[in-house]
Amino acid sequence: ASTLQGRDFLTIAEFTEDELKTFLNTAVALKAMQKQGVPHHFLEGQTLAMIFEKASTRTRVAFEVGMYHLGGSALYLSSKDIQIGRGETIADTAKVLSRFVDGIMIRTFGHEIVEELAANADVPVINGLTDTHHPTQVIADLLTIFEHKGKLEGLKACFIGDGYNNMAHSLMEGAAAVGMDMTVASPKGYEPSAAILEATKARGVKNGCSIAFTNSPQEAAEGCDVVITDTWLSMGDEDEKDRRLHDFQGFQVNDALIALAKPDHIFMHCLPAHRGEEVAASVIDGAHSVVFDEAENRLHAHKAILKCLLEKND
Ligand code: CP
Ligand code: NVA
């Protein structure tokens, strides 16, 4: 059996270089099968429970459609409707759902909630976004970069925006694992987790790439193959809107900033985007933007994650 079968999927950091390649290769294969109309019911009759404590368009649709393509089905469980919302514990929820379904996906606030769910579930648990990690997005992002650039190792990427952010953290972990340079540029007070910066720097050294932090968006964007941003106001940060819009002035990915990247750079954003805030409309709607390829690749990446973790006859 593969080392991925039966595993949880909580962060990018918990996977080896080879395991991450397996997710990507599986995504490439499944994408080709779907485009060619080849049936791929690898999870016939299996069921995925999807708990959402935050809103979602892409993650929900990718997992739900993905399970359907794989011959299984998915249940959308809003925390407003299930008993978690009335105080049933995460541990009890994990034990009960494990009696019904083959896997559980959860999108929630604190990362420790996903860890507690995984510790108490008998089936694989997939992190569909926490305040500090968004690992399924990064499998789709790496696939998108690979499709556009033909490689990952040796590329230079930057993330401009909120460094203490699920996307920044998971991208740093992904870049360090695949040998891609990644510089995060954020204003003072919005630095990435020091622990994640240290761990990804160390993994990057092993894989011949540099993971770095700066307060200068210009320094980060200089000579990049891939320019990435994300909202300044993540889900849960709504109360800080005025302060954040003020603090992030000068960090917009606009024509002047992107001019510092390589002439053949690509622009990425996990979406949803806020034109005029973290990104100028001319950039996200411009010729270098691959944001809709990136969104589509959630489907193929998530199907790969599901197949690798849940497939039984391996
Ligand atoms: N990028 C992403 O996770 O989108 P949703 O919030 O729509 O799922
Ligand atoms: N950083 C964003 C990502 C949304 C997919 C958030 O957490 O809201």
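Selection of region 79-106 for residues being without any contact (Cβ under 8 Å) to a residue 12 or more places away in the chain and either within 16 Å of ligand 1 (Cβ to nearest atom) or among the small types (Gly, Ala, Ser) (or both) yields Gly85, Gly87.
Name the single residue, out of those in region 65-92 being over 30 Å from Gln34 (Cα atoms) and in a helix (DSSP H, G or I), that is most open to solvent (accessible area, probe 1.4 Å).
Of the residues in region 65-92, the ones over 30 Å from Gln34 (Cα atoms) are 79-92.
Now drop any that are not in a helix (DSSP H, G or I), which leaves 83-86, 90-92.
Details: Gln83: 90, Ile84: 26, Gly85: 57, Arg86: 189, Ile90: 24, Ala91: 18, Asp92: 73 Å².
Per the criteria, the residue is Arg86.
Residues checked against (1) over 18 Å from Val125 (Cα atoms); (2) touching a residue at least 24 places away in the same chain (Cβ under 8 Å); (3) within 16 Å of ligand 1 (Cβ to nearest atom); (4) of a type outside the set (Ser, Thr, Tyr):
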| site | (1), (2), (3), (4) |
| --- | --- |
| Leu24 | yes, yes, no, yes |
| Leu30 | yes, yes, no, yes |
| Gln34 | yes, yes, no, yes |
| Val38 | yes, no, no, yes |
| Phe42 | yes, yes, no, yes |
| Ala49 | no, yes, no, yes |
| Phe63 | no, yes, yes, yes |
| Met67 | no, yes, yes, yes |
| Leu77 | no, yes, yes, yes |
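Taken together, Gly163, Gly204 contain a single residue that is touching a Pro at 6+ places or on another chain (Cβ under 6 Å) and open to solvent by less than 10 Å² (accessible area, probe 1.4 Å), which is Gly163.
Quick check: is even one residue across region 57-64 open to solvent by 70 Å² or more (accessible area, probe 1.4 Å) and among the β-branched types (Val, Ile, Thr)?
Kept after step one, since they are open to solvent by 70 Å² or more (accessible area, probe 1.4 Å), are these residues of region 57-64: 57, 60-61.
Then drop every residue that is not among the β-branched types (Val, Ile, Thr), which leaves 57, 61.
Within region 57-64, one or more residues are open to solvent by 70 Å² or more (accessible area, probe 1.4 Å) and among the β-branched types (Val, Ile, Thr).
Looking only at region 220-237, filter to residues that are in a loop (DSSP other than H, G, I, E, B) and within 16 Å of ligand 2 (Cβ to nearest atom); which one of those is nearest to the chain's Cα centre (by Cα)? Per the stated criteria, the residue is Asp230. Scanning region 256-314 for residues that are away from ligand 1 (no atom under 15 Å from the Cβ), touching a helix residue (DSSP H, G or I) at 6+ places or on another chain (Cβ under 7 Å), assigned to a helix (DSSP H, G or I) and without any contact (Cβ under 8 Å) to a residue 40 or more places away in the chain returns Ile258, Ser282, Val283.
Under the condition of being in contact (Cβ under 8 Å) with a residue 60 or more places away in the chain and either open to solvent by 60 Å² or more (accessible area, probe 1.4 Å) or closer than 12 Å to Glu278 by Cα (or both), the residues counted in region 228-243 number 7.
From the list Glu173, Glu240, Glu198, the one residue that fits, being closer than 22 Å to Leu10 by Cα, within 16 Å of ligand 2 (Cβ to nearest atom) and either charged (D, E, K, R) or outside any loop (DSSP other than H, G, I, E, B) (or both), is Glu173.
On inspection, Asp181 passes the criterion of being surrounded by fewer than 23 Cβ atoms within 10 Å (Cβ to Cβ) and either touching a Pro at 6+ places or on another chain (Cβ under 6 Å) or within 28 Å of Asn25 (Cα to Cα) (or both).
For His41, the conditions (1) in contact with a Gly (Cβ under 9 Å, 6 or more places away or on another chain); (2) over 30 Å from Gly150 (Cα atoms); (3) surrounded by fewer than 17 Cβ atoms within 10 Å (Cβ to Cβ) are fulfilled apart from (2). Evaluated against (1) hydroxyl-bearing (Ser, Thr, Tyr); (2) crowded, with 24+ Cβ neighbours inside 10 Å; (3) in a loop (DSSP other than H, G, I, E, B), Tyr190 falls short on exactly one condition, (2).
The values are calculated or read from the model by the stated rules, or taken from the named source; none is laboratory data. Just so you know, these numbers come straight off a predicted model, no measurement behind them. Neighbour counts run over all protein chains shown; Cβ positions are idealised from the backbone, glycine included. The accessibility values were calculated without ligands, DNA or RNA, using every heavy atom of the protein model including side chains. Shrake-Rupley method; radii C 1.70, N 1.55, O 1.52, S 1.80 Å.
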